[in-house]
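Data block below; observations after.
The values are calculated or read from the model by the stated rules, or taken from the named source; none is laboratory data. From a predicted model like this one, the values you see are computed outputs, not experimental measurements. Note that we place each Cβ from the backbone using ideal geometry, even for glycine, and neighbour counts take in every protein chain shown. The protein model used for the area step is the full one, side chains on, heavy atoms only, and it has no ligands, DNA or RNA in it. Shrake-Rupley method; radii C 1.70, N 1.55, O 1.52, S 1.80 Å.
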Amino acid sequence: RIIHFQISLSEQSNHNRLNVYFEPQDAKSTSFIKNELFPLFQNASDIAERVSLKLVPFGNAICNTDNQDYGCVCSQGPAECDLMRLMACTLHDYRRHENALDTIACIQGRPSLEDAINNCVKKLPNR
């Protein structure tokens, strides 16, 4: 499995953009997010000023429409699709994805939606 990175530099703002496409239950994606990306944004206080992060939980899914309904099949199975939906909802609530990185890192690699909700989402403060 490949984690896909897309990096670009805006000439106008001198601001880097990092897009990370990953699979919620893939071992390499989990290792990268938990051991590299999350610690980097946690420990480098000025990185958010220099890098705009976009997280894309994709999961190598195949999605189709059927009679005005939309369904996906994920390479790691239904639990991965559930985790992708949870991550997508989490990221939708945050304008800047680096602010959601701790929750995404917690969800990443979880075996089920229930486990992710109980261990990662229920701890979130009310906004």
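Brief remarks follow.
- Leading residue by the ranking (least open to solvent (accessible area, probe 1.4 Å)) among those in the range 104-127 that are modelled with pLDDT of 95 or more and among the polar types (S, T, N, Q): Q108
- In the range 57-83, residue most open to solvent (accessible area, probe 1.4 Å) [restricted to those that are touching a helix residue (DSSP H, G or I) at 6+ places or on another chain (Cβ under 7 Å) and at pLDDT 85 or above]: D82
- Which numbered condition L86 misses (of (1) closer than 20 Å to S29 by Cβ; (2) loosely packed, with under 14 Cβ neighbours inside 10 Å): (2)
- Search result, residues across the range 104-122 that are part of a helix (DSSP H, G or I), in contact with a Leu (Cβ under 8 Å, 6 or more places away or on another chain) and under 21 Å from N60 (Cα atoms): I104, A105, I107, L113, A116
- Condition check for F22: among the aromatic types (F, W, Y) and open to solvent by less than 30 Å² (accessible area, probe 1.4 Å): yes
- The range 1-45 - residue that is among the hydroxyl-bearing types (S, T, Y) and at pLDDT below 85 and, of those, nearest to I104 (Cα to Cα): S45
- Against the test of being without any contact (Cβ under 8 Å) to a residue 60 or more places away in the chain and more than 15 Å from A100 (Cβ to Cβ), the options A48, A61 yield a single qualifying residue, A61.
- Among the residues of the range 89-103, those identified as assigned to a helix (DSSP H, G or I) and open to solvent by 20 Å² or more (accessible area, probe 1.4 Å) are C89, H92, H97, E98, N99, D102.
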